[in-house]
Amino acid sequence: MVSSAAVPAAVSPVPSSSAVQSPVEGALQPATPDVAFWTRRGALLFTQARHAAGMNQRALAGVSGTSRTTLSAYEHGRKSPTLETAGRILDAAGFRLVLEPKVEFRAEPGDDGRAFHVPGSLPRQPVARALGVLRFQGQVYDLGDRARRREAYAALLRDGGPDELAAHVDGVLLVELWDELRLPPRIRAAWAPLVEGARRGAEDGGLDADGAGAGAAEAGCGVTEESGVGN
């Protein structure tokens, strides 16, 4: 999921020609955000939210307290809103800004020598995607059907890449299916701490519609519909 507001550019001092920087100091320098990238993502976010709400620009601008011209500029990436403005427009379309873990993946060697991928935290999905249709490895899975979702998750955890896992595996639904998934031992062992952590979080009241568990080190700003995921 993505931020609906542009990220301000970070300005770092330029070292003089005589300055010597150690590898560690270089690694600790903050990366400069790609402002153009986030402007494009924000533009797409507004357009998707408006289409999902079945509203034209004039209608959404009217209920969100902005002008159609300004909303059009946001949707075409010609102008970037403040966070407050972005939240107001998305709220008018039936969405909300939320803080959720940024999911990053690492590659691990499998039992057969092929790499599989494991996230740093369990991803979450909008309802339509979590219970939608997945096409993977020549198969079509109806994720709204529990048995087919179980088959799909086993295939994704075995052979899915980071993009496929992040786009189609829902942490809550994975936890619910976990004990029934047929997985190679190394894959099960690598994912098990995430699942057990989510279960402990649920027991402690830390598992809800906005996150699959606690303990994520990084967080990103996302957009969620005013609804949760269910079976």
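The values are calculated or read from the model by the stated rules, or taken from the named source; none is laboratory data. Remember, it's a predicted structure, so these values are computed and weren't measured experimentally. A quick note on method: Cβ atoms are made from the backbone with ideal geometry, for glycine too, and the neighbour counts reach across all protein chains shown. In case anyone asks, the SASA skips ligands and DNA or RNA and just uses the protein heavy atoms, side chains included. Shrake-Rupley method; radii C 1.70, N 1.55, O 1.52, S 1.80 Å.
Per-residue accessible area (protein heavy atoms, 1.4 Å probe) orders PHE37, PHE116, PHE95 as PHE37, PHE95, PHE116, starting from the largest. Accessible area per residue for region 73-153, computed on protein heavy atoms with a 1.4 Å probe, is 53 Å².
Accessible surface of VAL63, taken over heavy atoms with a 1.4 Å probe and every protein chain present, rounds to 90 Å². A Förster radius of 45 Å combined with the Cβ-Cβ distance from ARG200 to THR69 puts the calculated FRET efficiency at roughly 0.35. Across the accessible surface of region 79-204, with the other protein chains kept in place and a 1.4 Å probe, carbon and sulfur atoms take up 50 percent. When the expected Rg is taken as 2.2 N^0.38 Å, what fraction or multiple of it is the alpha-carbon Rg of region 55-111? Relative to the rule-of-thumb radius for its length, region 55-111 sits at 1.67.
Multiplying the sequence separation of ARG58 and GLU164 by 0.36 nm and subtracting their Cα-Cα distance, what value in nm do you get? If you can, show how the numbers build up before the last one.
Numbers: separation 106, 0.36 × 106 = 38.16 nm, distance 3.57 nm.
The ARG58-GLU164 span can extend by a further 34.6 nm.
For the pair ARG129 and ASP145 in one chain, pulling the backbone fully straight at 0.36 nm per residue adds 4.5 nm over the alpha carbon distance. Each other residue within a Cβ distance under 14 Å of ARG78 adds +1 if Lys or Arg and -1 if Asp or Glu, for a net charge of +2.
Whole angstrom only: what separates the Cα centroid of region 153-167 from the Cα centroid of region 57-127? For region 153-167 versus region 57-127, the Cα centre distance is 21 Å. Based on the Cβ-Cβ distance from GLN137 to GLU104, what FRET efficiency comes out when R0 is 25 Å, to the nearest 0.05? After rounding, the FRET efficiency stands at 0.55.
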